[in-house]
Amino acid sequence: MGMIGGGPGAFIGAVHRSAAALDGLIVLVCGAFSSDPEKSKSMAGELDLPPERVYGSWEEMIRKEAAMPEEERMEIVSIVTPNHLHFGPAKMALESGFDVIMDKPMTFTLDEAKELKKVVEKTGRYLCLTHTYSGYPMIKEAKEQVRSGALGTIRKIFVTYPQGWLSQYLEATGYKQAEWRTDPSRSGAAGAMGDIGTHAFNLTEYVTGLQVTALCAQLNIVVEGRKLDDDGAVLLQYNNGATGVLMASQIMAGEENNLTIKVYGEKGGLEWSHADANSLLVKMLDAPYQTLRAGNGYLSELARHNTRTPWGHPEGFFEAFANHYRNFALCVEARKNGGQPKAEWLDFPTVDDGVRGMAFIENVIASGKSEKKWTAFEV
């Protein structure tokens, strides 16, 4: 693997590197870790990489790695940069013969996302988007509960993503994570809705298998001086007639990262919370509540495939990331060996999820500015 971004002071780069290494399938061999060439090269010692494989720019990395013998060069590229530096590296990497795994949202604009989808289709490469929460075993169990028909026809979906870390004007303090996430030139058109709202949106479509067809949004800038939304709510309509509510906020002081999803069908419902990620609460119409727990043999094959430890041993954020990396690597390896990936290996977010995520951002922004109650979900 080669990495773009994730240099000095970057939180998510270390998470990606740890997740990629967890199963022993991926080795970091090179990188362009910062837009500052000196900062990038300073990572060679920290990551125990040969200085000649640590590059001053992502363009240099992709160009030089592509020119190396096939048995020596990188095979996949991990992109962990701010949003405005997703499209260019991903496009060049794909067109240079490398598979790509990257942070969300996929691109800076919907037009870029659509173009990147064309590149994926033309090159035939894999692209994995790290929507972390769909990597949790009990979210995969929730998906299988819905798919099996246990809940009946899905009618109602609630997803809430409260955070409190941006309750103050942190971007004025030099805090790197706050600076770029609240900067329209680097983050894009949305703040909280782009950063965490896309996770919530993706989770509703992943678990239910449904797609949003219309929405009604209200976006707020609560902290004075902030340039992008830090709070908002969206009413959702789905393609089977179900309705939903999505809330994403980064100004809920005291909240940490408690993403929660509730799905209700005609026969029963289910509930998952990031605060207790190893549990899935199943609530059937004519039966007692049942708590399913990760690591148990009674779970679906999809959930068991994405669990590493026996029941009672918690798995979390790093393992969820690692599930995406492992499944992505297994698919790349299968293709290299002339085989076909198993169905559970292919269960990771793809370029199609990236396009819909960018469509969510742009539709939410448009709805928030519109005086109309509902707007059609345009992709």
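The criterion of at least 3 residues that are of a type in the set (A, V, I, L, M, F, W, C) and closer than 19 Å to Met358 by Cβ is met, among helices (runs of 4 or more DSSP H) falling completely within segment 166-256, by 198-208. Pairing each residue of segment 21-48 that is free of Cβ contacts under 8 Å to residues at least 24 places away in the same chain and among the small types (Gly, Ala, Ser) with any residue that is surrounded by 15 or more Cβ atoms within 10 Å (Cβ to Cβ) and not in a helix (DSSP H, G or I), provided the two are 6+ apart or on different chains, yields C-beta distances under 7 Å for Ala44/Val54. For segment 100-121, the set of residues classified as over 17 Å from Ser185 (Cα atoms) and touching a strand residue (DSSP E or B) at 6+ places or on another chain (Cβ under 8 Å) consists of Val100, Ile101, Met102, Asp103, Leu116, Val120, listed by residue number.
When the residues of segment 264-295 are filtered to those that are touching a helix residue (DSSP H, G or I) at 6+ places or on another chain (Cβ under 6 Å) and closer than 14 Å to Ile157 by Cα, the one that is surrounded by the most Cβ atoms within 10 Å (Cβ to Cβ) is Trp272. Of the residues making up segment 6-20, those that are surrounded by 16 or more Cβ atoms within 10 Å (Cβ to Cβ) and either more than 15 Å from the chain's Cα centre (by Cα) or within 10 Å of Tyr325 (Cα to Cα) (or both) number 7.
Which of the residues that make up segment 111-134 are charged (D, E, K, R), crowded, with 16+ Cβ neighbours inside 10 Å and in a helix (DSSP H, G or I)? Steps first, please.
Pass one, segment 111-134, residues charged (D, E, K, R): 111-112, 114-115, 117-118, 121-122, 125.
Of the ones still in play, those that are also crowded, with 16+ Cβ neighbours inside 10 Å are 112, 114, 117, 125.
Residues satisfying the conditions are Glu112, Lys114, Lys117.
The condition of being farther than 30 Å from Asp229 by Cβ and among the hydroxyl-bearing types (Ser, Thr, Tyr) holds for only one of Thr309, Thr375, that being Thr309.
Taken residue by residue, segment 135-155 has at least one member that is touching a Lys or Arg at 6+ places or on another chain (Cβ under 8 Å), of a type outside the set (A, V, I, L, M) and in a loop (DSSP other than H, G, I, E, B). Among the residues of segment 214-234, the ones that are in contact with a strand residue (DSSP E or B) (Cβ under 6 Å, 6 or more places away or on another chain) and in contact (Cβ under 8 Å) with a residue 40 or more places away in the chain come to 9 in all. Taking the criterion of being under 24 Å from Ser273 (Cβ atoms), among the acidic types (Asp, Glu) and at pLDDT 95 or above, the only residue of segment 312-334 that qualifies is Glu319.
The values are calculated or read from the model by the stated rules, or taken from the named source; none is laboratory data. From a predicted model like this one, the values you see are computed outputs, not experimental measurements. Note that we place each Cβ from the backbone using ideal geometry, even for glycine, and neighbour counts take in every protein chain shown.
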